[in-house]
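Everything on this sheet refers to the single structure shown next.
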Amino acid sequence: MAPVRIGVIGCGAVAQVQHLPNLTALKDLLHLAELGADRGAGISRTAPHR
């Protein structure tokens, strides 16, 4: 079965500390396809690498 593709809107502190690490732990089941942030593009570019 193909991984589920998801996107995260908002890459603030809660997303970086809670959501993204938990989603990364499920990497066999899902593919984080897109990140979106409204405050500075730097967050949405650097968050996936953490």
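For the reader, a short list of remarks on this structure follows.
- Across the stretch 11-50, the number of residues qualifying as modelled with pLDDT of 85 or more and in a loop (DSSP other than H, G, I, E, B) comes to 4.
- Near pairs, Cβ below 7 angstrom, 6+ apart or cross-chain, from the stretch 18-34 (more than 7 Å from Ile6 (Cα to Cα) and without any contact (Cβ under 8 Å) to a residue 60 or more places away in the chain) to any residue that is in a helix (DSSP H, G or I) and among the small types (Gly, Ala, Ser): Leu20/Ala47
The values are calculated or read from the model by the stated rules, or taken from the named source; none is laboratory data. Keep in mind it's a predicted model, so treat the numbers as computed, not measured. Note that each Cβ is placed from the backbone with ideal geometry, even for glycine, and that neighbours are counted across all protein chains shown.
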